[in-house]
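Here is the structure we will look at.
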Amino acid sequence: MKQHFNERRKKRKASDVAESESFAAEGGELQIGASKKNDTHIGTYFLPRTTPGAQPTLKSVMQSKEVVEKCYLAIAKWFIDASIPFNAANSPYFQPAVDALCCMGVGYKVPIMHALRGNLLNKWADNVKIQIEQYRSIWKDTGCTLMEDGWSDRCRRTLINFLVYCPKGTVFIKSVDASGASKTAKTLFKLFREIVLYVGQENIVQIVTDIAVNYVATGKLLEKEFPKLFWSPCAAHCINLMLQDMGKLEETKYRWKRSGKEILRLAPTHFASNFIALQSILSHKDALRAMVTSKERTTTTYSKDVKAKQFVKQVLDSSFWSTCADIVKITKPLVRVFIVDSEDKPAMGYLYRAMYKAREEIEKRFRRNMLKVEPYLKISDNCWDAELRKNLHAAGYWLNPSSRFGPEYEKKKQVHHPRPFGCH
């Protein structure tokens, strides 16, 4: 009897191993303690019941409202007690963790603190290293882009992040605290050179940085040291500064300020937010006019305030809306170019065409009154000529099938012209 029981237990264990191996074939995210020969992922042990479009389990659907509420409250208590930021619920690893717990059953003992900060942390770090090595093989096949992102934290430390982009995705490489170091081109060059050698100079196609003077000088030094590399400024940053200069024009600046007070607060990095907000205000023109003339508002005490009267006068001023409409017509095509900063698709093959189409659309909208748009076009052209006119962008356009076989290609073969496709 005992021998029969042991045989059944061995068979059941073998069945569990086979089931685990079948799940392992499906792939997953986080590696945990499987065998050394077959290091499987945590996602491979659990069925993807909560993926987008998947149906909820029958058990979860049949639960009463009180049980669901109790579950929500238990999770909320843990977040609040541990001072976990609520946006942590948006983590792509949160739902898989809950799925894993459900599969373990009631009474499962979660890892203790020492395991989390010790063995499990080391395993996750090893897993990340393995993933980076997998990316390295992609860098060799397709090439990659080395990106610099400088920012200041709450302690006002100057931090420089280095990331590598390839068609498979973006990998964080290193963060450097440059607070105590001088920001000269020579210092930055040494730092960048170290990262280039780590990634592999033979793998890097281009280096993208800020457009500050010291970074521009650093880019030139890198191109001299590594002749096969291209330096490019951040396109989104360039367009931001382009729109910032447009915002300094007298008629545009008047939209932002009234009686010495800012109507819109400037965003710290994206000056395009001003023009996006202006588009929104213009789209609500009729609603705003109806609001300031409504009986509900005119009968309030606030309507007699001096500032309120100035606001009403501004909203009912036809010339104000006319100028707003002109500014939106001019800047909307350029704001649309911010698609180059999207993570949905690589930007290099679309920037040249996007800038050309934006300029073409502006000229088309004001072909009867080009004097109005000349200051804006001058700012756009100066920025393009000084920062964004790169052979790499022209090559990206030429190698992009959607552009190469587009209707405008035959008319604009001279992509090496100082401005997009021969703009005047």
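The values are calculated or read from the model by the stated rules, or taken from the named source; none is laboratory data. Keep in mind that this is a model prediction, so the values were computed, not measured. No Cβ is skipped: glycine too gets one built from the backbone with ideal geometry, and neighbour counts run over all protein chains shown. With ligands, DNA and RNA removed, areas are computed over all heavy atoms of the protein, side chains included. Shrake-Rupley method; radii C 1.70, N 1.55, O 1.52, S 1.80 Å.
Return yes or no: is T187 farther than 30 Å from R359 by Cβ, among the hydroxyl-bearing types (S, T, Y) and in contact with a helix residue (DSSP H, G or I) (Cβ under 9 Å, 6 or more places away or on another chain)?
For T187, the condition - farther than 30 Å from R359 by Cβ, among the hydroxyl-bearing types (S, T, Y) and in contact with a helix residue (DSSP H, G or I) (Cβ under 9 Å, 6 or more places away or on another chain) - is met.
Restricted to region 290-306, and to residues that are hydrophobic (A, V, I, L, M, F, W, C) and loosely packed, with under 14 Cβ neighbours inside 10 Å, which residue is farthest from the chain's Cα centre (by Cα)?
This residue is V306.
Can you list residue pairs whose Cβ atoms sit under 7 Å apart, with the first residue in region 210-238 being more than 22 Å from T158 (Cα to Cα) and the second being buried (at least 21 other Cβ atoms within 10 Å of the Cβ) and charged (D, E, K, R)? Count only pairs 6 or more apart in sequence or on different chains.
Here the result reads none, with nothing in region 210-238 linked to a residue that is buried (at least 21 other Cβ atoms within 10 Å of the Cβ) and charged (D, E, K, R).
In region 139-157, which residue that is farther than 18 Å from I207 by Cβ and either of a type in the set (S, T, N, Q) or part of a helix (DSSP H, G or I) (or both) is modelled with the highest pLDDT?
Of everything passing the filter in region 139-157, D141 is modelled with the highest pLDDT.
Of the residues K313, K309, K285, which is of a type outside the set (F, W, Y), surrounded by 13 or more Cβ atoms within 10 Å (Cβ to Cβ) and modelled with pLDDT of 85 or more?
K285
Only one of A76, A100 is surrounded by 10 or more Cβ atoms within 10 Å (Cβ to Cβ), part of a helix (DSSP H, G or I) and within 29 Å of the chain's Cα centre (by Cα); which? Please lay out each step first, then the result.
Numbers: A100 fails: within 29 Å of the chain's Cα centre (by Cα).
Every option except A76 fails the conditions.
Sort out which residues of region 185-202 are open to solvent by 10 Å² or more (accessible area, probe 1.4 Å), assigned to a helix (DSSP H, G or I) and not β-branched (V, I, T), and write them in order of number. It would help to see each step written out before you state the result.
We begin by selecting, within region 185-202, every residue open to solvent by 10 Å² or more (accessible area, probe 1.4 Å); these are 185-187, 189-191, 193-194, 197-198, 201-202.
Filter once more, so that each one left must be assigned to a helix (DSSP H, G or I): 185-187, 189-191, 193-194, 197-198.
Scanning region 185-202 gives A185, K186, F189, K190, L191, R193, E194, L197, Y198.
Which one of the conditions (1) crowded, with 17+ Cβ neighbours inside 10 Å; (2) modelled with pLDDT under 80; (3) touching a Ser or Thr at 6+ places or on another chain (Cβ under 9 Å); (4) of a type outside the set (S, T, Y) does L243 fail to meet, given that it meets all the rest?
Among (1) crowded, with 17+ Cβ neighbours inside 10 Å; (2) modelled with pLDDT under 80; (3) touching a Ser or Thr at 6+ places or on another chain (Cβ under 9 Å); (4) of a type outside the set (S, T, Y), the lone unmet condition for L243 is (2).
So is K329 among the basic types (K, R) and under 23 Å from Q279 (Cβ atoms) or not?
Yes, satisfied.
Of the conditions (1) under 27 Å from K224 (Cβ atoms); (2) open to solvent by 50 Å² or more (accessible area, probe 1.4 Å); (3) touching a residue at least 40 places away in the same chain (Cβ under 8 Å), G143 clears all except one; give me its number.
So the condition that G143 fails would be (2).
Out of curiosity, is Q201 under 28 Å from S273 (Cβ atoms) and of a type in the set (S, T, N, Q)?
It is false that Q201 is under 28 Å from S273 (Cβ atoms) and of a type in the set (S, T, N, Q).
Does region 203-217 contain at least one residue that is surrounded by 17 or more Cβ atoms within 10 Å (Cβ to Cβ) and among the charged types (D, E, K, R)?
Yes: one or more hits.
Starting from region 164-187, keep only residues that are under 30 Å from S137 (Cα atoms) and modelled with pLDDT under 85, then list their pairs with residues that are open to solvent by 70 Å² or more (accessible area, probe 1.4 Å) and not charged (D, E, K, R) whose Cβ atoms are within a distance under 6 Å, requiring at least 6 positions of separation or different chains.
The qualifying pairs are P167/T142.
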